[in-house]
Amino acid sequence: MIRSEVRDHVAEVVIDNPPVNALPVKGWFDLADTVRRLGRDPEVRALIVAANPEVRGYQAGVDIKELAADPTKKTLIDVNRGCREAFAAVYDCEVPVIAAVHGYCLGGGIGIAGNADIVVASDDATFGLPEVDRGALGAATHLGRLVPQHKLRALFLTGTTVTAQELLAFGTVERVVPRDQLMQAARDIASVIAAKSPLVIRRAKESLNAIDPVDVKRSYRFEQGFTFELNLWGDSDELRQAFVEGREADV
């Protein structure tokens, strides 16, 4: 589900959970643990978070079927914590993190990419938050690191997506390349970083986080409160069940 390797001082973390790379509770915690472990490794100087290129997209968020199968809400609480841990691990990683995004990047994928230091994308990549259509809220904090404020609101409220080319124009994606060149583009950037003083780079990452205008971890935690509130009503259950059953929701 989460694979990793280190070569030439660059760690590569790969999300690999077909068919859509949605992650269950365990997957989110595994991702968090892997990123934290590699970030602490003194031999690692940069880290890439990518996905299995044979899966159509980068990451499709949480496993909706896992949530729908648990009427107790424990899975909802656990996956909220798992997402928070994974996003924070990317943000707090002691070395710079490069997100290499292909295909769709939805929900939790936005949390990963939005917390990364650098984003490279394939020319077929799209980014969005379908949360409103799934009876959930969250990750607007992270989408807000990729698009301007009014674009954020339009995307969030309509559930539509934005292309990699549009993000390139906004300056939030560093490079857009054909899919078969994506990993090489990420490795090229990582190798430039890895060639620099590891001490300076680690302090640079820490200093950049310290001057961020938004506390992303606190902001996302606030959003999650609304997700839990929605789940006290019936709409969230119906929207998730309708998605699982492939039908229109009765709301």
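Derivation of every value follows stated rules applied to the coordinates shown; laboratory data play no part. Just so you know, these numbers come straight off a predicted model, no measurement behind them. Backbone-built Cβ (ideal geometry, glycine too); neighbour counts: all protein chains shown.
Per-structure values
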quantity: Amide H contacts of I48 (H built 1.01 Å from N, under 5 Å, at least 5 apart or other chain); calculated: A11, E12, V13, I98
quantity: About the Cα centre, charge dipole magnitude for region 71-179 (Lys/Arg +1, Asp/Glu -1 at Cβ), debye; calculated: 360 debye
quantity: Which of A100, H9, C83, positive extreme of dipole for the chain (C-beta unit charges); calculated: H9
quantity: Approximate spin-label separation S219-D123, in nm, with each point projected 7 Å along Cα-to-Cβ; calculated: 3.2 nm
quantity: Karplus-derived 3J(HN,Hα), 6.51/-1.76/1.60, for each residue of region 8-15, Hz, glycine and proline x; calculated: 6, 6, 10, 8, 10, 10, 10, 7
quantity: Placed amide H near A125: partners under 5 Å, 5+ positions off or other chain; calculated: G103, A164
quantity: Full-stretch length increase - D133, A169 - with 0.36 nm per residue and alpha-carbon distance subtracted; calculated: 10.2 nm
quantity: Set of region 1-25 residues, backbone N closer than 14 Å to the point 7 Å along the Cα-Cβ line of R179; calculated: 20-21
quantity: Cα-based helix-to-principal-axis angle, 198-210 vs the chain, degrees rounded to 10; calculated: 40 degrees
quantity: Hz values of 3J(HN,Hα) by residue in region 140-151 - Karplus curve (6.51, -1.76, 1.60), Gly and Pro given as x; calculated: 4, 3, 7, 4, x, 8, 10, 9, x, 4, 6, 5
quantity: Approximate spin-label separation S191-R3, in nm, with each point projected 7 Å along Cα-to-Cβ; calculated: 2.1 nm
quantity: Leading residue at positive end of dipole, the chain (Cβ point charges), from V25, V49, L230; calculated: V49
quantity: DSSP-defined beta bridges in the chain - what % are antiparallel, rounded to 5; calculated: 30 percent
quantity: Prolate/oblate/rounded call for region 57-135, Cα gyration tensor, a/c under 1.5 rounded; calculated: oblate
quantity: Segment R203-Q149, length gained on full extension (0.36 nm per residue, minus Cα span); calculated: 16.5 nm
quantity: J(HN,Hα) series, region 61-74, from Karplus relation 6.51 cos²θ - 1.76 cosθ + 1.60, nearest Hz, glycine and proline x; calculated: x, 7, 7, 4, 5, 5, 5, 5, 7, 10, x, 7, 6, 4
quantity: Dipole magnitude of the chain, debye to nearest 20 (Cβ charges: Lys/Arg +1, Asp/Glu -1, about Cα centre); calculated: 680 debye
